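The values are calculated or read from the model by the stated rules, or taken from the named source; none is laboratory data. These numbers come from a predicted model, not from an experiment. Positions of Cβ are backbone-derived with ideal geometry, glycine not excepted, and every protein chain shown enters the neighbour counts.
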């Protein structure tokens, strides 16, 4: 097998990163969907480099465009623009040697007939950006695209949105949920035990190499994502339905508490991942692959509905989301959430509890869904007392439920944006 030179390896990773960025911004596909196919020929280190490069370039997209603006009389074709964005991030954001960066992206332009005549432009613009690199740190925090920023401004106001964007720019630390003893897990991982019981692992950790991974002592789960199952507070022997369960973090939490968990999800591939997580952690559950709106069963003591949503609360971990979507699918998701709440109530015992949650920042997927559900079901009420668990700030709880945001715990690394509420039937 021919050994690649460092120059070749760098070009391969940049080529893959450019293909990934095109897939997100042009084809409107999520990184998770395209990563396997776009990086399958790379060795592990190159694959990691390509993924890291495209992720950080997406996170800094607004800044890169600001750097490029003065040097472009008009925006070039998307493939060329994305090459420039990657180059700008590497030179200004990652402080890579500009000579190698410029040469690589000029070479990549030559690989396509339609972009080869832009090689001079790429060369000239990236060299000009190199001269201006000192301006990078003084630029405003990268802003979300207008289609998403506008409704969030209406929901929260400019000050809060700016704080959320600052949290997005910093990225997300690694949080895990312990199967049994969170304090011991934190000690074993040399990590921080958070107020809500999650464990925050130091930056740069390789998940599969961490103490307790193979033994199934814990699983990866953002601190905010761990709150719905803590709030549901599954008891030993209770029959619990995890509706839309994959990849399974909440199923694992409820199973570890001793509940008899049925894990329902429409995706066979995602359910396979859930089962793998159960097996690694030596926890039982009943996996069911079926459309939640068609699922039939005896009534459950408790149901956790983590409804399909826009996932706008996870942007600090998934910076591709604002660029792979445009908001056109939002109304359909809002309607689906209504149907799922109604369906979940038919599967719940009269004295049972339904935890509804979404990993979304949009009021339409949280507070507004609660208000609408209360109008549709006069016998329904919100149990605010159930939301008052350890580590949850009282200010996070409103009339309709619990709202977390990326700028909460800012000095500790933030958290995902979530909405959580508890329904009970009178």
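Of all strands (runs of 3 or more DSSP E) completely enclosed by segment 363-426, which ones contain at least 2 residues that are surrounded by 20 or more Cβ atoms within 10 Å (Cβ to Cβ)? Let's see the steps before the verdict.
Numbers: elements: 380-382, 402-404, 418-425.
Filter on segment 363-426 gives 402-404, 418-425.
Is segment 182-192 home to any residue that is in a helix (DSSP H, G or I), exposed (fewer than 14 other Cβ atoms within 10 Å of the Cβ) and outside the structural domain of residue 230 (by TED's automatic domain parsing)?
No: segment 182-192 contains no residue that is in a helix (DSSP H, G or I), exposed (fewer than 14 other Cβ atoms within 10 Å of the Cβ) and outside the structural domain of residue 230 (by TED's automatic domain parsing).
Just the residues that are more than 20 Å from the chain's Cα centre (by Cα) and either crowded, with 18+ Cβ neighbours inside 10 Å or under 20 Å from residue 252 (Cα atoms) (or both), please, taken from segment 208-219.
Residues satisfying the conditions are 210, 211, 212, 213, 214, 215, 216, 217.
Just name the residue that is surrounded by the fewest Cβ atoms within 10 Å (Cβ to Cβ) out of those in segment 43-73 that are part of a loop (DSSP other than H, G, I, E, B) and modelled with pLDDT under 95.
This residue is 73.
Only residues that are part of a helix (DSSP H, G or I) and buried (at least 19 other Cβ atoms within 10 Å of the Cβ): list them for segment 335-349, please.
Listed by number, the residues that qualify are 337, 340, 341, 344, 345.
Working carefully through the options 176, 161, find the one that is in a strand (DSSP E or B), modelled with pLDDT of 95 or more, under 20 Å from the mean Cα position of the chain (by Cα) and under 23 Å from residue 393 (Cβ atoms).
Result: 176 is the single residue among 176, 161 that is in a strand (DSSP E or B), modelled with pLDDT of 95 or more, under 20 Å from the mean Cα position of the chain (by Cα) and under 23 Å from residue 393 (Cβ atoms).
Only residues that are surrounded by fewer than 21 Cβ atoms within 10 Å (Cβ to Cβ) and more than 20 Å from the chain's Cα centre (by Cα): list them for segment 27-42, please.
Looking only at segment 27-42, we keep the residues that are surrounded by fewer than 21 Cβ atoms within 10 Å (Cβ to Cβ), and these are 27-30, 32-37, 40-42.
Those that are surrounded by fewer than 21 Cβ atoms within 10 Å (Cβ to Cβ) and more than 20 Å from the chain's Cα centre (by Cα): 37, 40, 41, 42.
Evaluate the following for residue 16: is it under 25 Å from the mean Cα position of the chain (by Cα), more than 21 Å from residue 142 (Cβ to Cβ) and in the same structural domain as residue 122 (by TED's automatic domain parsing)?
Considered against the rule, which asks whether it is under 25 Å from the mean Cα position of the chain (by Cα), more than 21 Å from residue 142 (Cβ to Cβ) and in the same structural domain as residue 122 (by TED's automatic domain parsing), residue 16 comes out as yes.
Being crowded, with 19+ Cβ neighbours inside 10 Å and assigned to a loop (DSSP other than H, G, I, E, B) is the filter here; which residues of segment 198-207 pass it?
198
Scanning for something without any contact (Cβ under 8 Å) to a residue 60 or more places away in the chain, closer than 17 Å to residue 362 by Cβ and in contact with a strand residue (DSSP E or B) (Cβ under 8 Å, 6 or more places away or on another chain), does segment 279-289 turn up at least one residue?
Within segment 279-289, not a single residue is without any contact (Cβ under 8 Å) to a residue 60 or more places away in the chain, closer than 17 Å to residue 362 by Cβ and in contact with a strand residue (DSSP E or B) (Cβ under 8 Å, 6 or more places away or on another chain).
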